[in-house]
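Reading through the structure tokens given below for one structure.
The values are calculated or read from the model by the stated rules, or taken from the named source; none is laboratory data. Being a predicted model, the structure only gives us computed values, none of them experimental. Because the Cβ atoms are built from the backbone with ideal geometry, glycine has one as well, and the counts that use them run over all protein chains shown. Heavy atoms of the whole protein, side chains included, go into the accessibility calculation; ligands, DNA and RNA do not. Shrake-Rupley method; radii C 1.70, N 1.55, O 1.52, S 1.80 Å.
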Amino acid sequence: MDFTWFHRFGSPPHVYRLAGMLTPWFAWPALVLIVAGLYGGLVLAPPDYQQGDGFRIIYVHAPSAWLSLMIYSMMATAAAVGLIWRMKVAHAAAAACAPIGAWFTVATLATGMLWGKPMWGTYWAWDPRLTAELVLLFLYLGYMGLRAAIEDPQRADRASAVLAIVGVINVPIIRYSVEWWNSIHQAPSVMKMGKPSITGDMLAPLLMMFLGFTLYFVAVMLVRLRAEVLRRERTARWVEEVVAT
Amino acid sequence: MNEFLSMGGYAEFVWPAVILTVGIVVWNAFTARRAHVAALEEARRRVAVRSTEAS
């Protein structure tokens, strides 16, 4: 089998240029989808028969929650690739994921609390899903803290990768918490087997938000990856060419 | 318009949630760009120092 494509992904100048080329292709569709999704969700969608207009928080909460989990999975995968194949670019990708994931975990928790107050009567409960999402935030912060605390970049890569991989156990715990335990959190309406239990005019903007947030994440991650690669490769020859242009 | 802003009585919960999330979206795009620009400038400085050392 020909693995040259795989090796090219290990080449920093190649990754740097490719990331730069791809960014606008993710960023612009993301912007359009997020604007359209917000308009559809906040203006066009009908109020919920039980939750009234309060349900509209789902349009920012669910896509943030999706990102918080998806980014962690990607970060752990990249860290594992970096650890197993000693691929520096993979470690850089994992490092690029962390701050974005942490921010969207904050968004998930905060928007969830703002929904919980009127619907459950409380901002916070030590419920399995809520607690596990809070643990996710600590995992992100721990990952970033560990990287910042170790001066040698290679040791920082390896140590933080181990933390990221161990922490991935938390992802299925969050995902299935509402099925495994008696959670106060409602069961999924869209991300489940079978047909979504939500009407079309509510669903369409939500799907736009999911897709828009995913594309947005890729765009932001690519920009962060470029910064990360540049910082690591600052003594390399190819950086001179990049800087000269 | 007022009806839209009042969110059926849920304004104090819906709007902070929306504004916070949009804020985080904008902030992450901004900081990512800032990190890239900073890395470029740092690389530029190094290259400049190296070329003056060489000459």
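Quick look at the values:
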| item | result |
| --- | --- |
| Spans of helices (runs of 4 or more DSSP H) in segment A:133-245 with at least 2 residues in contact with a His (Cβ under 9 Å, 6 or more places away or on another chain), within 14 Å of chain B (Cβ to nearest Cβ) and among the basic types (K, R) | A:200-232 |
| Residues within segment B:9-55 that are loosely packed, with under 15 Cβ neighbours inside 10 Å and of a type in the set (S, T, Y), tallied | 3 |
| Flag if A:Y72 is among the hydroxyl-bearing types (S, T, Y), crowded, with 23+ Cβ neighbours inside 10 Å, away from every other protein chain (no Cβ under 12 Å) and part of a helix (DSSP H, G or I) | yes |
| B:V22 touching a Leu at 6+ places or on another chain (Cβ under 9 Å) and more than 7 Å from chain A (Cβ to nearest Cβ) | yes |
| Qualifying residues in segment A:109-139 (those that are open to solvent by less than 40 Å² (accessible area, probe 1.4 Å) and free of Cβ contacts under 8 Å to residues at least 12 places away in the same chain) - the one farthest from A:I169 (Cα to Cα) | A:G116 |
| Positions within segment A:204-222 being open to solvent by less than 30 Å² (accessible area, probe 1.4 Å) and among the hydrophobic types (A, V, I, L, M, F, W, C), in sequence order | A:L206, A:M209, A:F210, A:F213, A:F217, A:A219, A:V220, A:M221, A:L222 |
| Some residue of segment A:161-171 being without any contact (Cβ under 8 Å) to a residue 12 or more places away in the chain and open to solvent by 30 Å² or more (accessible area, probe 1.4 Å) | yes |
| Matching option when the condition is modelled with pLDDT of 95 or more and either touching a helix residue (DSSP H, G or I) at 6+ places or on another chain (Cβ under 6 Å) or buried (at least 20 other Cβ atoms within 10 Å of the Cβ) (or both), among A:V32, A:V60 | A:V60 |
| Checklist (1) away from every other protein chain (no Cβ under 14 Å); (2) within 25 Å of B:N28 (Cβ to Cβ); (3) open to solvent by 40 Å² or more (accessible area, probe 1.4 Å) applied to A:V106, failing item | (1) |
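So that you can scan it fast, the table gives a plain yes or no per residue for (1) under 15 Å from the mean Cα position of the chain (by Cα); (2) without any contact (Cβ under 8 Å) to a residue 12 or more places away in the chain:
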position	(1), (2)
A:L141	yes, no
A:E179	no, yes
A:S183	no, no
A:L222	yes, no
A:R231	no, yes
